[in-house]
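The values are calculated or read from the model by the stated rules, or taken from the named source; none is laboratory data. These numbers were taken from a predicted model, which means no experiment stands behind them. Cβ sites come from the backbone with ideal geometry, for glycine too, and all protein chains shown count toward neighbours. Only protein heavy atoms, including side chains, enter the accessible area calculation; ligands, DNA and RNA are left aside. Shrake-Rupley method; radii C 1.70, N 1.55, O 1.52, S 1.80 Å.
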Amino acid sequence: MIENLPVKSLTHEGLTLEGYSRAAVQTYWRVPELKLGFDLGGSPWSFMGTPTYFISHAHLDHMAALPAYVARRRMMKMDPPAIYIPAEVVESVERMLKSWQRLDRGRMLCELIGVSPGDEISLSREHVVTVFATDHTVPSVGYIVWERRKKLKPEYQGLSGDEIRDVALSGVEVSAEIRVPIVAYCGDTAPKALDACPDVYKARILITETTFFRPEHRREKIHKYGHTHLDDIVARADRFENELIVLGHFSTRYHDKQIRRACEKRMPAELMSRTELWMSGTQQRERMMMSRFYSVGWLMVLPLLATFVAAQEERAGAGSAAPQQVAVLKGFSDWVTSVEFAPDDSVLAAGSYEEVRLWDVVAREEMGRLKLKSGFARSLAFSPNGSTLAVGSYQAIELWDLKTRQRVGILKGHRGYVTDVLFLADGELLSASEDRSVRQWSLSDSQETGRLEGITQPVMDLAYSPETGTVAAALGDDTRLTQAGRVQVWQLPGTTPLHTFDDHESGALSVAFANAGTQLLSGSLDEKVHSYSLPEGSLTQTYDEHSRPVNDLVRIAGTSLAVSGSGGRFKGKNLVRIWNVSSNEDLAAFEPHKEKINAIAVSGNGETLATAGNDRMVTVWDISSLLSAGRTEEPSGNTATRQSEASRVAELAYETLHRTAFLADDAKAVKRVGIIGLDTSHSIAFTKMLNAEEPEPEFAGFQVVAAYPYGSRTIESSTSRIPQYSETVEGLGVKVVDSIDALLAEVDVVLLETNDGRPHLEQALKVFEAGKPVFIDKPVAGSLADCLAIYQAAEKFGVPVFSSSSLRFMPSALAARKGSLGDVVGCDTFSPCSLEATHPDLFWYGIHGVEILFTVMGPDVQQVTRVSTESTDVAAGVWEGGRIGTFRGLRDGKRGYGGTVFGSKGIGQLNDYGGYRPLLVEIVEFFKSGEPPVLADETIALYAFMEAADESKRQGGKPVQIADVMAKAQKEAESRLEALLAK
């Protein structure tokens, strides 16, 4: 049998389920025994014999293969198939098939039947299909296959066979039809469609989507676009009566391992035992095939590609010269986040963390540095006469006199990073910020003079057209990938939006005017550049050649050319593209940075391009050879096409070589780990395992390279360790630095190990601002309020974080959580519980036993009562459903770690603590995937339990509600975080 597409197979109770499903790729299913299939996003050769298909909706990943399927059956002289589709799309699908009939020159023979919710289709005497409504962005339906059976009516069940025969021969119906739902298929849908059709939950086999699972992907936004989140499945756990639940259609942004880990951790064990995660199941085989293809096939193909490219370039003529790199500016201590040319093109400014460097364009040498006060220089603007440089940073705009290199003013008022600044005239400035505002300033008195109205999202970029007096803004949140972007336009001096465009699927990041201010370009997280006609107020075309978010856009003055820079995801390349905005034709595509491109700038004469990236470099390019193409009214179609083809083939060759190198060198890549806090034995243990001469396979590719020793400065038992531990890590090849900022410049990921939880919030904020994934060792903070603030800040900055005691990863505790003893009805745990006066009682060491308790019981605790003596603490919690869990803290007698689990099927002991290694395995996996093994909600609930235990002690042992301590801590967290971010 020909294998043209991946097919996974599973048999359950006599029914075979075959197919594949991945969001935005392909979805196709069939049940051979029923002679039917669902959706045709792909058409495996083996599926050709299936005569009946039920299509849920007309999105391409669910129906694109319909013409191929129909044509193959005709070619193989099979009967025309029956295709059931939503009634609203029948006419459009008929037109599509007719178009393919003209193209293929073969008849598209099939029976198209439109269906609506409530319809019933009889397949045979034994089976019938009903249609139910689903909730998606286009007309959509779901299907349930029922098994029809005949059952003797109750009134005849006591009769003999002869008596029943006689009644039947008299013309009376002695039996009634009963129906059993055997397969339910939901297609793409928000979860409310399942709730509206209870039979879905009763089908023997349920096939439904779970496109998203990460907590930061907000359910309300996902539901708006007609999809389901894993949390929706978990919330409905008690409704699923199905024998087999098939979850598929996972987003391509997730790896199979991430999907499995998330489902196993968050789904109830009993539900998970009935669930099949429909993933490829062939990843290793696919990787092997891919590796062989790259290592052998491309050795033969690349010379042919090179010959083809050379021939294409020769045909295109000498006028297709590529940009030439003229300089690389290195030595920045952190990301380069902004770049701008002076009006006379003599100076190039580049902004990074707390500095701006000035470069003499003519002499090609550095001419000075400006030291900033607050964070990254996110935006730069020269005044029209070139005498002043405005720098947008965190909550401030600094004004610098370029002749004296002195700061001459600071404009304050923004509540977040200033993402862009523009001079309207020498005495007027416009600024944009993450705080969802665009503000106007008078430079004569440094006062805010007004704000533009109608802004509801963070503002990521501004553009000003002096020809028309209009301002445009790109709106979006680059930490919320599912939130749609917006582009708005104002006609100054008015403050009410003139145009609002909501065409971007994800946040808008960049804007630029073209064609004397009549055309507006906008780039987005969705990897597209939209072009709008402002006189018409409408979207006119889309440029979609980028494979990563479009972070910046610049128009080349006097031409019809634009430059766009992209980057910021793991797939695709960090490309700069130069293209004609009139025709969307590419002139050049190249990769100036190996990491995300943050900003681009073009000199006033259009001949020089500068790019800034996360690789801490600025690159400078001569693009003068391309300008003639932009000044041409309509470039030659044939030449442009040949150049575009050559460019694409060359890019393919480069990408292939790059990927080949990646496959070969991936095992050699090293993630640089930084440690904050050398006042705990954990720092030494982790460093020894990661920096071993022959590290264990789980730790390969990770090495501790730098450490900042502090750490507590006030807890003597901690501070006394720092000198010795500093010496130890230096002996293991670790550089000990004198500040967290210095550490962050050296590393990719961070272990925040400080034994004292009180400074964790301020330390973590620095890490979040640098965008580094971080593990925070216990205690996550010195108070519940700081714990909340840490997780809220991590969400704000979009940085992965988790915290845990090593005791969480006891195999027996994890097994109990997954149902090894049935449903958990209670748990008692114990651990040492020494006290530290600077911390809540259980935070310092009791955390270990509490972590075990929450590993088994989960996060849904509601109430805590504590009994405390000099030698012992006992904290008893009431969980949802009346379950009780207790923690015993030991300060006298023999001490250890463990507990007892009470399950519906047995009682088990928790006594297999394995030291630090299992925790480090989880940390390294977290650094690889970005998926926390412990969710924020559970960690917060754990600390709320300990805070409530302290409150119960203060109240003489009275029960304390978790909701009460959370409400109090939330107010403190908001106030504390606001104060720290305002610094």
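Per this entry, residue 10 is not counted among residues that are in a loop (DSSP other than H, G, I, E, B), open to solvent by 10 Å² or more (accessible area, probe 1.4 Å) and in contact (Cβ under 8 Å) with a residue 12 or more places away in the chain.
Among residues of segment 441-461 that are on the phi < 0 side of the Ramachandran plot, those with a beta-carbon under 8 Å from a residue that is exposed (fewer than 14 other Cβ atoms within 10 Å of the Cβ) at least six positions away or on a different chain give the pairs 441/447; 441/449; 442/427; 442/449; 443/426; 443/427; 444/427; 453/496.
All of 491, 519, 483 fail the test of being farther than 25 Å from residue 611 by Cβ and at pLDDT 90 or above, apart from 491.
Being at positive phi, open to solvent by 10 Å² or more (accessible area, probe 1.4 Å) and in contact with a Pro (Cβ under 9 Å, 6 or more places away or on another chain) narrows it down to one of 413, 469, so name that one. Answer to the selection: 469. Checking 873, 841, 860 one by one, the residue that is in contact (Cβ under 8 Å) with a residue 60 or more places away in the chain and out of contact with any Leu (no Cβ under 9 Å at 6 or more places or on another chain) is 860 and no other. Among the helices (runs of 4 or more DSSP H) confined to segment 677-783, the ones with at least 2 residues that are out of contact with any strand residue (DSSP E or B) (no Cβ under 8 Å at 6 or more places or on another chain), of a type in the set (A, V, I, L, M) and within 30 Å of residue 935 (Cα to Cα) are located at 681-690, 760-770. Candidates are the residues of segment 221-248 that are part of a loop (DSSP other than H, G, I, E, B) and closer than 25 Å to residue 477 by Cα; the one that is modelled with the lowest pLDDT is 225.
Against the list (1) closer than 20 Å to residue 609 by Cα; (2) surrounded by 14 or more Cβ atoms within 10 Å (Cβ to Cβ), the condition residue 399 fails is (1).
The residue that is modelled with the lowest pLDDT, among those in segment 121-146 that are in a loop (DSSP other than H, G, I, E, B) and under 41 Å from the mean Cα position of the chain (by Cα), is 137. If you filter segment 326-351 down to residues that are crowded, with 22+ Cβ neighbours inside 10 Å and among the small types (Gly, Ala, Ser), you find that the one that is farthest from residue 405 (Cα to Cα) is 338.
For every residue, the table says whether it meets (1) in contact with a helix residue (DSSP H, G or I) (Cβ under 6 Å, 6 or more places away or on another chain); (2) open to solvent by 70 Å² or more (accessible area, probe 1.4 Å); (3) part of a helix (DSSP H, G or I).
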position: 933; (1), (2), (3): yes, no, no
position: 939; (1), (2), (3): no, no, yes
position: 952; (1), (2), (3): no, no, yes
position: 957; (1), (2), (3): no, no, no
position: 964; (1), (2), (3): no, yes, yes
position: 972; (1), (2), (3): yes, yes, yes
position: 978; (1), (2), (3): no, yes, yes
position: 983; (1), (2), (3): no, yes, no
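Within segment 49-59, the set of residues being surrounded by fewer than 24 Cβ atoms within 10 Å (Cβ to Cβ), of a type outside the set (Ser, Thr, Tyr) and not in a loop (DSSP other than H, G, I, E, B) comprises just one member, 49. Residues in segment 671-698 that are over 16 Å from residue 924 (Cβ atoms), under 30 Å from the mean Cα position of the chain (by Cα) and modelled with pLDDT under 90: none. Against the list (1) touching a Ser or Thr at 6+ places or on another chain (Cβ under 8 Å); (2) surrounded by fewer than 22 Cβ atoms within 10 Å (Cβ to Cβ), the condition residue 829 fails is (2). Of all the residues in segment 667-696, those that are aliphatic (A, V, I, L, M) and buried (at least 20 other Cβ atoms within 10 Å of the Cβ) number 5. Within the option set 529, 563, being closer than 14 Å to residue 600 by Cα, buried (at least 17 other Cβ atoms within 10 Å of the Cβ) and modelled with pLDDT of 90 or more holds for one residue only, 563. So which residues in segment 490-510 are part of a strand (DSSP E or B), polar (S, T, N, Q) and open to solvent by 70 Å² or more (accessible area, probe 1.4 Å), if there are any at all? Within segment 490-510, 491 is the sole residue that qualifies.
Residues that are under 27 Å from residue 915 (Cβ atoms), more than 39 Å from the chain's Cα centre (by Cα) and not polar (S, T, N, Q) within segment 842-873 comprise just one, 873. The residues of segment 198-213 that are crowded, with 20+ Cβ neighbours inside 10 Å and not in a helix (DSSP H, G or I), listed by number, are 203, 205, 206, 207, 208, 209, 210, 211, 212, 213. Taking segment 697-707 as the range and being without any contact (Cβ under 8 Å) to a residue 40 or more places away in the chain and open to solvent by 30 Å² or more (accessible area, probe 1.4 Å) as the test, the residues that pass are 697, 700, 703.
Listed here are the residues, each with its yes/no results for (1) buried (at least 22 other Cβ atoms within 10 Å of the Cβ); (2) free of Cβ contacts under 8 Å to residues at least 12 places away in the same chain; (3) not aromatic (Phe, Trp, Tyr); (4) not in a loop (DSSP other than H, G, I, E, B).
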position	(1), (2), (3), (4)
16	no, no, yes, yes
24	no, no, yes, no
39	yes, no, yes, yes
42	yes, no, yes, no
61	no, no, yes, yes
85	yes, no, yes, yes
101	no, yes, yes, yes
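Out of 782, 731, 798, one residue alone is on the phi > 0 side of the Ramachandran plot and either open to solvent by less than 10 Å² (accessible area, probe 1.4 Å) or not hydrophobic (A, V, I, L, M, F, W, C) (or both). It is 798. Taking segment 813-846 as the range and being among the β-branched types (Val, Ile, Thr) and in a loop (DSSP other than H, G, I, E, B) as the test, only 838 passes. The single residue among 311, 316, 306, 322 that is surrounded by 20 or more Cβ atoms within 10 Å (Cβ to Cβ), at pLDDT below 90 and not polar (S, T, N, Q) turns out to be 316.
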